[in-house]
Amino acid sequence: MGESYKERVEQTQAVRGVNVLAPFRAGMRLGIVSVWILGCFFASLCVSPVALVSKTTWQRIRKAISRTWVKGMSRVIGTRITVHGAPPKAPFFLVGNHLSWVDFFVGYSLLDGVGIVEEPVSQAPIVGALVKGFNPIFVRRIKEDTPRVNDLMVKAIEEGHSVIIAPETPITTIPPGSGVRQFRGGLLESAVRTGTPVHYLSLTYRTPEGYPPPAKAMLFGPNPYYRTPEGKIPESELKAWGPERSFLWHVLGLLALPWHEVIVTFGPEPIAAGSDRIALANQLHQAVERMFTPIA
């Protein structure tokens, strides 16, 4: 049978909503986002003098401001967070897949830990300062940087901090959103060295019926920070994602959605680190992939 009258009306309303309300929604949210980011940034600047009296107190206040920033951002951009399972109790070592820049806001809204963030983010105007409030470990996407990052993660673990990483390879070996990219064992060396059990989670996204699917609306690529020594984006990435595109236009498209939902599923039990980081990476990859719902 053909579509019912009600179904046709709902589809018409959805299309009308995309074409008419979307630009206004995106513009309004972009304005609120800008004001929110600037407000949090100036709040962070205002507490800077506290560092002259107590660096520990300053770091605690700055982190509180950054957490307020990410939680506010999730609400403003229309993120709905659904959690399945129980987050691990601190201190913990947690890995998960990585789909979108929105993951950052979701992760720091739900969890308190030392994250691994790409080094160029630290240089971003205003936003970089707010990210630094979490005191993350900034990583450069070169093999030579892995030992330094592992040493910093070991230090964080030994000091009683929780560690959160997305150890997926930066190389897009599968259609974006269709699965979980292979996990790299290099960044799990710190868990092996300290004998720390590793918890895991899976992230997936959903968008409203009648609007662009999450693979189109939520994913952004190719990664502008992942380049060859010559400064070019690898051909494999261009083949998977297509030509470089504007991040601003991508953000506007996401802000135009009425809402988007991220489903966070925590694994039931941690996996023992063992003595083989490659075996550990494979175990974690398989565990996360079993929970993952493709969005392609």
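Taken together, the values in this text are just the output of simple stated rules run on the coordinates, not laboratory data. Keep in mind that what you see is a predicted model, and the values were worked out from it rather than measured. Ideal geometry is used to build each Cβ from the backbone, glycine not excepted, and the neighbour counts take in all protein chains shown.
Considering only PHE92, ASN135, ILE65, the residue lying farthest towards the positive end of the dipole of the chain is ILE65, judged by Cα position with unit charges set on Cβ.
Helices of the chain meeting both criteria, an alpha-carbon length of 24 angstrom or more along the long axis and an average Kyte-Doolittle score not below 0.5, with helices taken as full DSSP H segments, are 22-46. For the chain, the relative contact order works out to 26 percent when only alpha carbon pairs closer than 8 Å and six or more residues apart are counted. The magnitude of the dipole of the chain, with charges of +1 and -1 set on the Cβ of Lys/Arg and Asp/Glu and taken from the Cα centre, is near 700 debye.
Assuming charge only on the beta carbon of Lys and Arg (+1) and of Asp and Glu (-1), the dipole of the stretch 143-296 about its Cα centre is about 260 debye to the nearest 20. Here LYS155 is the anchor, and the lysines within straight C-alpha reach of less than 22 Å, apart from those fewer than 8 places off in the same chain, are LYS55, LYS63, LYS89, LYS132, LYS143. The three principal axes of the Cα atoms in the stretch 5-291 give end-to-end lengths of 61, 47, 44 Å, sorted in falling order. Estimated from helices alone, the mean residue ellipticity of the chain at 222 nm is -13500 deg cm²/dmol (sum of -39500 (n - 2.57) over DSSP H runs with n ≥ 4, per residue). Net charge within 11 Å of HIS285 by Cβ-Cβ distance, Lys/Arg positive one each and Asp/Glu negative one each, not counting HIS285 itself? Surrounding charge for HIS285 is +1.
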